[in-house]
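The block underneath contains the structure these notes are about, expressed in structure tokens.
The values are calculated or read from the model by the stated rules, or taken from the named source; none is laboratory data. As the structure is a prediction and not an experimental result, all values here were calculated from the model. Reconstructed Cβ throughout: ideal geometry from the backbone, glycine too, with neighbour counts over all protein chains shown.
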Amino acid sequence: MSDKPLRILMADDHPIVLAGLKALVQADPALQIVGEARDGRTVLKLAASLRPDVIVLDVWMPEMNGTEVARTLLAEMPECRILVLTVHEDRATLRQLLDLGVAGYLVKRSAADELLRAIRAVAAGGTYLDPLIAGKVLGGAHSTSRSTKGFTVELTDRETDVLRLIANGHSNKEISARLGLSVKTIETYKARAMGKLEFKTRVDVVRHAVSMGWLSDR
């Protein structure tokens, strides 16, 4: 892994909130704030010129809201990693953002405890979903298996391990190191598990993780 700090673009239209978020990030020497914005159009301009590793993006901003900004960014720079911050726990907005390809979703009241973890997770290629909202926003009852097309699907222990770690924001490389398996093998387990469960998007994976109680297992 590179010794260079992760380059972060911060975006929030409230100066006091932005200052607080910046203070959290600046306390970690492995992170570097390379730009800040208070409206959506400025985010687009700075992202294009700075090419940050992670964009911390408020949902509600003037000129262009966070959803519009995320849609544009991911169309123009599909490799960019976006962590959305919001004060709202809105089911429709969360699912829309996850389907767009946003890598993380954090409620602002969790920022003091979770912001740095969330930034590192999305920068590493993983997905981060605030555990405070996962159950309420995505819903789902606990179960040990999934029924599809009239029969029950059971995952192997390894498939379950891989899917659980993915849901908790770990990258394939991190899972590889944790389980002592090659990245290629991790990708195979992931594909096999998603195929068995007929999952197509990250919303499917996160919803399943909520139903299984996995998002607190970090």
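The table below lists the values:
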item	result
Any hit, the stretch 38-46, residues being in contact (Cβ under 8 Å) with a residue 12 or more places away in the chain and in a strand (DSSP E or B)	no
Selection within the stretch 153-201 - of a type in the set (Lys, Arg), buried (at least 18 other Cβ atoms within 10 Å of the Cβ) and under 23 Å from residue 133 (Cβ atoms)	164
Residue in the stretch 56-72 that is outside the structural domain of residue 207 (by TED's automatic domain parsing) and in contact (Cβ under 8 Å) with a residue 60 or more places away in the chain present	yes
Filter pass, residue 23 being loosely packed, with under 15 Cβ neighbours inside 10 Å, more than 15 Å from residue 120 (Cβ to Cβ) and of a type in the set (Gly, Ala, Ser)	yes
Hits in the stretch 40-60 (condition: crowded, with 16+ Cβ neighbours inside 10 Å and more than 20 Å from the chain's Cα centre (by Cα))	42, 46
Subset tally (residues that are part of a helix (DSSP H, G or I) and either in the same structural domain as residue 95 (by TED's automatic domain parsing) or under 30 Å from residue 91 (Cβ atoms) (or both)) for the stretch 177-205	13
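Quick grid of which residues meet (1) modelled with pLDDT under 85; (2) in contact with an Asp or Glu (Cβ under 8 Å, 6 or more places away or on another chain):
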| site | (1), (2) |
| --- | --- |
| 125 | yes, no |
| 131 | yes, no |
| 137 | yes, yes |
| 143 | yes, no |
| 146 | yes, no |
| 151 | yes, no |
| 156 | no, no |
| 160 | no, no |
| 171 | yes, no |
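To keep it simple, each residue is scored yes or no on (1) touching an Asp or Glu at 6+ places or on another chain (Cβ under 9 Å); (2) over 29 Å from residue 175 (Cα atoms); (3) surrounded by fewer than 17 Cβ atoms within 10 Å (Cβ to Cβ).
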| residue | (1), (2), (3) |
| --- | --- |
| 35 | no, yes, no |
| 75 | no, no, yes |
| 82 | no, no, no |
| 85 | yes, no, no |
| 97 | no, no, no |
| 101 | no, no, no |
| 111 | no, no, no |
| 119 | yes, no, no |
